[in-house]
Amino acid sequence: MVLLRFRIIKNMIVAPQYRQMHLLKNSAYVNGEWVKASSNVVFAVKNPADDSVIAEVPDMDAADAKNAVDTAAAAFETWRWTTAKERSRVLRKWFDLCEENSEELAKVITAESGKPLAESRGEISYGNSFLEWFADTARHINGEIIPSPWPTKQILLTRQPLGVVSVITPWNFPYAMITRKVGALMAAGCTCVVKPSEDTPLAALAAAELAEQAGVPKGIFNVITTSRKNAASVGKVLCEDHAVRCISFTGSTGVGRILYGLAANGIKKVALELGGNAPFIVFPSADIEYALDQAMLAKFRNNGQACVGANRFFIHEDVYDKFVKGMKNRISQKCVLGHGTQEGVTCGPLINLKQVKIVSKLVEDAISQGAKVLVGGKVRKELGANFYESTLLVNVKPSMSVFSEEVFGPVVSCVKFNTEEEVLKMANSTRSGLASYVFTKDLGQAFRMSSKLEFGMVAINDGILSAAEPAFGGIKESGIGREGSKHGAEEYTELKYTLMSGLDK
Ligand code: ADP
């Protein structure tokens with residue numbers, strides 16, 4: 001049965017347009033070798049724009065995961081004792097090669113995620129910036145010497161690497177979500193097993209190919225691919241194996257909760273970057289045209305499939321009509337749906353049918369409760385089953401699911417407000433707490449909003465806030481831990497206290 005399925009998929013077709021892409025791999029990467037699943041089973045990775053098969057990759061299982069963890073554990077015994085300078089050099093070489101191969105990497109992302117090529121290039125540049133940043137940060141993960149209460153004793157706090165980290169990543173930023181974690185943990189002296197999303201494993205494998213070429217020592221960066229069918233059993237090993245000391249996950253809050261539970265058994269550290277429900281708040285003092293331009297970025301980047309994407313637009317009643325009119329015009333004129341490789345396309349498909357159904361349902365539910373569609377609101381079947389129109393909804397109420405849930409699609413939901421207190425209450429009325437956006441020219445108001453918004457990140461007068469330098473992360477059910485900045489590397493260390501006594505003897 002297994003062999004039969006393998007052959008059928010094998011004969012199925014790898015579409016000719018992908019054959020020239022030299023960073024496409026069809027094996028997993030463990031202990032510096034390109035390997036198949038022990039079962040020999042593979043699964044197809046498809047382009048969400050047209051369902052064409054890009055490649056087939058190993059469908060690895062729990063035993064393969066265990067093998068990869070053992071490999072990472074063995075490599076840790078060497079890597080942990082390397083100097084910060086050595087680790088910095090390795091990361092720098094990897095960064096340089098990724099920069100040289102940016103265009104090829106971007107093509108891989110567009111093929112498997114459907115996002116426009118310009119956005120894929122942006123993701124590669126963003127993803128690479130973490131390798132560069134952590135190449136530098138590796139040399140600044142410092143300990144402390146604390147003034148001691150005893151005259152003949154010294155107190156040392158040193159930072160030591162945690163050990164093996166299991167890295168589980170999503171499909172929306174298939175490259176950057178890996179470099180952001182792996183750059184940090186390698187800088188700290190840890191090793192890892194990466195399990196990319198079943199929808200987008202190819203960027204991870206391309207990164208592994210470049211890691212190999214860059215001379216990243218074997219066993220430090222392992223990538224295992226699994227279908228959704230095996231995700232839970234593989235995830236269990238990656239969370240529960242005794243050698244694993246940290247689970248670093250980016251994805252839905254639901255899956256994050258499962259992994260957090262599994263990690264609890266072994267009292268393991270977690271770094272969780274989960275869903276958001278970002279408010280985008282526009283006060284009357286704001287430059288409305290500028291706020292609209294930023295809103296387009298905050299909403300339509302990756303077609304709304306971003307955890308920091310603006311989810312609820314709160315617009316002050318004095319500027320509401322102007323904002324809504326401007327948004328309608330911009331969506332009609334600037335959102336061009338199509339294949340990510342086509343010139344001029346700004347919005348690709350949603351990642352899969354499941355996502356299309358979720359977005360459609362949220363919009364239909366809102367309409368049934370009185371929301372009004374000003375633009376979009378439908379699947380564009382003539383382009384393909386996964387294309388959903390860029391959509392503008394007004395008359396949205398806090399009782400609607402489109403308000404309380406993360407939409408993860410190209411839907412702008414507008415809510416009118418009157419006072420600062422009122423908007424703060426509505427914006428904070430969510431269990432999520434990742435990103436938030438505020439547009440105002442009133443300095444006092446900017447500070448008040450920054451302090452009172454219950455979100456891990458607040459952008460004042462900007463629609464994009466991610467970079468390698470700041471600390472990225474959420475509060476409440478949006479997660480635990482920070483990525484990027486020096487804190488991102490420190491997440492993968494623990495503080496060791498050494499008491500140096502008897503110094504007078
Ligand atoms: P989405 O539903 O948007 O794909 P998920 O949070 O479900 O987001 O997926 C993010 C990552 O989590 C993917 O790599 C997926 O394979 C993985 N995943 C999903 N379910 C589990 C699970 N039970 N255990 C471990 N990993 C899982």
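Would you mind ranking T225, T158 by Cβ crowding within 10 Å, fewest neighbours first? Don't skip to the answer; put the middle values down first.
Values: T225 30, T158 15.
Placing the least packed residue first, the sequence is T158, T225.
Computed from backbone phi with θ = phi - 60° and the Karplus coefficients 6.51, -1.76 and 1.60, the 3J(HN,Hα) list for region 311-328 is 10, 10, 9, 9, 10, 4, 4, 5, 10, 4, 4, 5, 5, 4, 4, x, 5, 4 Hz; x is used for glycine and proline. Structural descriptor for the chain: relative contact order 18 percent, calculated from alpha carbon pairs under 8 angstrom and at least 6 residues apart.
Shown in residue order for region 255-265 are the 3J(HN,Hα) couplings computed by the Karplus curve 6.51 cos²θ - 1.76 cosθ + 1.60 at θ = phi - 60°: 5, x, 5, 4, 5, 4, x, 5, 5, 4, 4 Hz (x for Gly and Pro).
Does region 297-343 come out rounded, prolate or oblate, given a ≥ b ≥ c as the square roots of the eigenvalues of its C-alpha gyration tensor, rounded meaning a/c under 1.5 and, failing that, prolate meaning a/b above b/c? Show your work: numbers first, answer last.
On the way: a/c = 4.74, a/b = 1.58, b/c = 3.00.
Oblate, because a/c is 1.5 or more while a/b does not exceed b/c.
When DSSP beta bridges are restricted to pairs lying wholly in the chain, around 40% turn out antiparallel. Computed over neighbours whose Cβ is under 12 Å from that of D70, the net charge equals -2, Lys and Arg +1, Asp and Glu -1. With the charge dipole of the chain set up from +1 on Lys and Arg Cβ and -1 on Asp and Glu Cβ about the Cα centre, the Cα lying farthest toward the positive end among the listed residues G304, S129, Q342 is that of G304.
Determine, for H242, H487, the number of other Cβ atoms within 10 Å of each Cβ, and report the residues in order from fewest to most. Kindly include the intermediate steps, with their values, before the conclusion.
Values: H242 11, H487 16.
By the 10 Å Cβ count, ascending, the order reads H242, H487.
Amide H contacts for V407 (H built 1.01 Å from N in the peptide plane; partners 5 or more residues away or on another chain; cut-off under 5 Å): none found.
Quick check: Cα centre of region 412-472 to Cα centre of region 369-407, how many Å? After rounding, the separation between the Cα centres reads 23 Å. Rounded to the nearest whole Hz, the Karplus-based 3J(HN,Hα) values (6.51 cos²θ - 1.76 cosθ + 1.60, θ = phi - 60°) of region 389-398 follow the sequence 5, 5, 10, 10, 10, 10, 6, 7, 10, x, with x at glycine and proline.
Give, rounded to the nearest 20 debye, the magnitude of the charge dipole that region 278-467 has about its Cα centre when Lys and Arg contribute +1 at Cβ and Asp and Glu contribute -1 at Cβ.
Numbers: 22 positive and 19 negative charges, 104 e Å.
It comes to approximately 500 debye.
Is region 11-92 rounded, prolate or oblate when judged by the Cα gyration tensor, a ≥ b ≥ c being the square roots of its eigenvalues, rounded requiring a/c under 1.5 and prolate requiring a/b larger than b/c? Here region 11-92 falls in the oblate category. Taking a ≥ b ≥ c as the square roots of the Cα gyration tensor eigenvalues, with a/c under 1.5 meaning rounded and otherwise prolate when a/b beats b/c, else oblate, which class fits the chain? Taking the square roots of the gyration eigenvalues as a ≥ b ≥ c, the chain is oblate. Look at D241, D442 and count the other Cβ atoms within 10 Å of each Cβ; fewest to most, that gives D442, D241. In plain terms, the bigger the Kirkwood radius, the slower the diffusion; for region 363-425, with that radius from Cα pairs, at 37 °C and 0.692 mPa s, Stokes-Einstein puts D at 259 µm²/s.
Which residues does a label at A84 reach in region 485-505, if reach means a backbone N under 16 Å from a point 7 Å past the Cα toward the Cβ? In region 485-505, the label zone of A84 (backbone N under 16 Å from the point 7 Å along Cα→Cβ) covers 485-496. Charged side chains reduced to their Cβ positions (Lys and Arg at +1, Asp and Glu at -1) give the chain a dipole of some 720 debye around its Cα centre.
Since every read-out is calculated from the coordinates, none of them should be taken as a lab result. Remember, it's a predicted structure, so these values are computed and weren't measured experimentally. Every residue, glycine as well, gets a Cβ built from its backbone with ideal geometry; the counts of neighbours run over all protein chains shown.
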